[in-house]
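Reading through the structure tokens given below for one structure.
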Number of protein chains: 2
Amino acid sequence: MKSIVLFGAGNVATHLFRAISNTPKFRVVQVFNHKPENLLLFKSIVETTSNIEKVVPADIYLIAVKDDAISNIVEGLNFQGALVVHTAGAVPLDILKNLDRTGIFYPLQTFSKIKPVDFENIPICLEASNEEDMLILEELAGSISNKFFRIDSAQRKSLHVAAVFVSNFVNYLYSEGEAICTANNIPFEILHPLILETAVKVKELSPGEAQTGPAKRNDTKVIQAHLDMLGGNQKEIYSLLTKSIQHLHGKEL
Amino acid sequence: MKSIVLFGAGNVATHLFRAISNTPKFRVVQVFNHKPENLLLFKSIVETTSNIEKVVPADIYLIAVKDDAISNIVEGLNFQGALVVHTAGAVPLDILKNLDRTGIFYPLQTFSKIKPVDFENIPICLEASNEEDMLILEELAGSISNKFFRIDSAQRKSLHVAAVFVSNFVNYLYSEGEAICTANNIPFEILHPLILETAVKVKELSPGEAQTGPAKRNDTKVIQAHLDMLGGNQKEIYSLLTKSIQHLHGKEL
């Protein structure tokens with residue numbers, strides 16, 4: 001059994017805590033967060049602390065805090081040979097460079113505290129400063145998920161940008177869709193099957209093959225009618241993405 | 001049993017044909033397309049024609065062609081009292097205004113010919129020029145799907161714009177994500193669970209609540225690092241959508 005101190009009490013930390021609690025070979029022995037009020041959810045089930053000097057020794061220090069806060073935690077700790085791992089997609093392994101045993105454990109998923117996620121299907125991107133520690137991370141990853149990949153820091157940086165496009169930006173487009181529905185007394189629910197089908201489709205077809213719509217068909221009448229209905233930000237987004245689709249699919253002809 | 005002549009041989013027409021073939025109360029008696037080569041798939045299972053004058057009488061003329069081609073078909077036909085219905089999200093009922101019995105049967109979904117879709121879960125938006133014909137369309141819709149809605153032409157126009165945002169534009173963002181992966185030797189497959197979870201999430205949370213990512217967190221360091229990695233079109237999209245998210249969520253604070 002390997003012991004883990006978990007740093008953070010946000011979405012990623014909360015979901016990791018739940019997932020690790022169900023594994024036989026790893027155990028979270030303490031949760032650290034600099035704000036005691038954020039530890040309330042954990043207090044009854046695990047030891048917690050907001051004092052960095054009271055962090056207990058452990059096999060793995062798993063740092064799942066805001067990207068900007070990683071350095072502060074690393075500087076405040078006495079590591080006593082622990083494997084120190086962070087979960088940030090956009091932060092390179094370098095940030096831990098003064099330590100002997102370091103790694104990255106990046107679950108590539110979007111988390112909201114209130115919605116449960118099934119960790120089994122979340123791909124975990126791993127990196128470690130030596131092969132022995134990589135094997136430990138693979139064991140941890142394999143015990144909560146059935147998909148893990150060795151992804152180096154440069155690749156992970158690119159992957160994080162790609163994730164912003166396919167998740168954060170996509171979700172924003174859902175917001176725009178909802179806003180248009182609400183403004184016209186249409187239940188947003190009517191768009192759910194379309195949203196789901198669009199997502200499921202790219203498991204079988206590449207997004208290039210799956211593209212449909214007025215921009216792909218170069219249906220200028222519909223495009224103009226849509227632009228005439230939109231204003232401000234929505235119009236700007238419609239215009240840029242339509243041009244982008246036309247450009248991509250024009251090149252392919 | 002009501003007879004249907006189906007106009008069109010594209011994605012929507014093909015999927016409608018398959019779905020209607022499984023209903024007991026409606027039957028496609030003929031498929032029309034102006035290009036005979038597009039009718040090859042249908043030829044062995046149903047009567048087909050490319051000559052508008054050879055279109056047979058039927059209870060319903062279901063026009064599932066490119067938006068621009070609807071007028072041509074309507075002008076070329078002798079209707080003999082049929083209910084004339086088109087499937088275009090962006091075309092108002094007005095386009096059929098010289099006819100007595102008209103309607104709209106708009107399945108709100110994205111179709112690719114090679115990927116089967118489950119019509120049962122596709123919402124169908126209905127409009128008709130009289131209540132009696134609305135009941136016929138509700139019967140047809142109800143026999144291939146369990147979700148149908150009365151949506152007037154103005155609402156449907158807005159809904160179509162919303163669908164472009166949550167499907168066509170979303171799919172384009174998937175393309176960008178795939179392009180970034182490919183350029184960095186990362187399997188696009190690694191993003192599938194994230195894509196699916198992002199889509200599933202907005203069934204339970206509104207997209208506003210579900211928003212995550214550097215723009216939402218106003219994580220300027222990560223945003224700048226991402227912008228530095230991107231060029232051209234990708235940079236322009238990243239920049240516009242980040243500003244849009246910051247604007248939306250800034251307003252809410």
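Using the Cα centre of chain A as origin and beta-carbon charges of +1 (Lys, Arg) and -1 (Asp, Glu), tell me which of A:H160, A:A210, A:C125 is placed farthest towards the positive end of the dipole.
Positive-most Cα among the choices belongs to A:A210.
Mean 1/r over all different Cα pairs, inverted: what Kirkwood radius does the protein assembly as shown give, in Å?
Working: mean 1/r = 0.0399 Å⁻¹.
This gives a value of 25.0 Å.
At B:G232, with labels set 7 Å past Cα in the Cβ direction, how many nm apart are the copies from this one, shortest first?
3.2
Chain pair A, B: how much accessible area is buried, both chains summed, with a 1.4 Å probe, in Å² to 100? The partial results should precede the final answer.
On the way: alone 15270 and 15260 Å², together 21710 Å².
The A and B chains share an interface burying roughly 8800 Å².
Taking θ as phi - 60°, what are the ³J(HN,Hα) couplings along the range B:91-102 by the Karplus curve (6.51, -1.76, 1.60), each to the nearest whole Hz, with x for Gly and Pro?
10, x, 4, 2, 4, 9, 5, 7, 9, 6, 10, 9
Tally the DSSP beta bridges in the protein assembly as shown and give the antiparallel ones as a percent, rounded to 5.
Numbers: 10 of 56 bridges.
Close to 20 percent.
Please give the per residue accessible area of the protein assembly as shown, computed with a probe of 1.4 Å over protein heavy atoms only, in Å².
Working: 21710 Å² over 506 residues.
Per residue, the protein assembly as shown has an accessible area of 43 Å².
Mind jotting down the three principal axis lengths of the range A:73-153 based on Cα atoms? Whole angstrom, largest first.
35, 26, 21
Below 8 Å, C-alpha to C-alpha, sequence gap of six or more: please give me the relative contact order for chain B in percent.
Working: 335 pairs, mean separation 30.4, N = 253.
So the answer I get is 12 percent.
Can you check how the C-alpha radius of gyration of the range B:116-185 compares to 2.2 N^0.38 Å, as a plain ratio?
Values: Rg = 17.5 Å, N = 70, 2.2 N^0.38 = 11.1 Å.
Dividing the Cα Rg of the range B:116-185 by 2.2 N^0.38 Å gives 1.58.
Over the range A:16-146, what is the mean sequence separation of C-alpha contacts under 8 Å (at least six apart), divided by residue count, expressed as relative contact order in percent?
Numbers: 185 pairs, mean separation 23.2, N = 131.
Dividing the mean separation by the residue count of the range A:16-146 yields 18 percent.
Based on alpha-carbon atoms only, what is the radius of gyration of chain A relative to the globular estimate 2.2 N^0.38 Å? Provide the component values of the computation, followed by the final result.
Working: Rg = 22.2 Å, N = 253, 2.2 N^0.38 = 18.0 Å.
So chain A has a normalised radius of gyration of 1.23.
Ranked by accessible surface with a 1.4 Å probe, highest first, in what order do A:H34, A:H192 come? Kindly include the intermediate steps, with their values, before the conclusion.
Values: A:H34 130, A:H192 30 Å².
My answer, sorted largest first, is A:H34, A:H192.
So which of A:K221/B:K66; B:K157/B:K216; A:K66/B:K216; A:K201/B:K201; A:K97/A:K147; A:K35/A:K66 end up more than 20 Å apart by C-alpha?
Working: A:K221/B:K66 12 Å; B:K157/B:K216 30 Å; A:K66/B:K216 13 Å; A:K201/B:K201 17 Å; A:K97/A:K147 27 Å; A:K35/A:K66 13 Å.
In this structure, B:K157/B:K216; A:K97/A:K147 lie more than 20 Å apart at Cα.
Ordered shortest first, which distances in nm separate the 7 Å Cα→C-beta label point of B:D118 from those of the other copies?
For B:D118, the inter-copy label distances come out at 1.3 nm.
If one computes the Cα centroid of the range B:74-113 and of the range A:34-102, what distance in Å separates the two points?
62 Å
What distance in nm separates the simple spin-label points at B:A69 and A:E209, each placed 7 Å from Cα in the Cβ direction?
The modelled label-to-label distance comes out at 2.3 nm.
Accessible surface of B:K147 in the full protein assembly, 1.4 angstrom probe, to the nearest 10 Å²?
Around 70 Å² of this residue is reachable by solvent.
Select the chain A residue whose beta carbon lies nearest to the rotation axis carrying chain A onto chain B, and write the distance in whole Å.
Closest Cβ to the A-to-B rotation axis, residue and whole-Å distance: A:A199, 2.
Starting at 0 and stepping by 5 Å, how many percent of the alpha carbon pairs of the range A:17-77 end up in each bin?
3, 16, 27, 29, 18, 7, 0
Within the range A:67-82, which residues have the backbone N less than 18 Å from the label spot 7 Å out from A:S3 along Cα→beta-carbon, could you tell me?
A:77-82
Which percentage, to the nearest 5, of the DSSP beta bridges contained in the range B:5-135 is antiparallel?
Here the share of antiparallel DSSP bridges comes out near 25 percent.
Ignoring ligands, DNA and RNA, what percent of the 1.4 Å accessible area of the protein assembly as shown is carbon and sulfur? Display every interim value, and only then the final one.
On the way: 10700 of 21710 Å².
C and S atoms contribute 49 percent here.
The values are calculated or read from the model by the stated rules, or taken from the named source; none is laboratory data. Fair warning: this is a prediction, and the values are worked out from it, not measured in the lab. All Cβ positions, glycine included, derive from the backbone under ideal geometry; neighbour counts span all protein chains shown. Heavy atoms of the whole protein, side chains included, go into the accessibility calculation; ligands, DNA and RNA do not. Shrake-Rupley method; radii C 1.70, N 1.55, O 1.52, S 1.80 Å.
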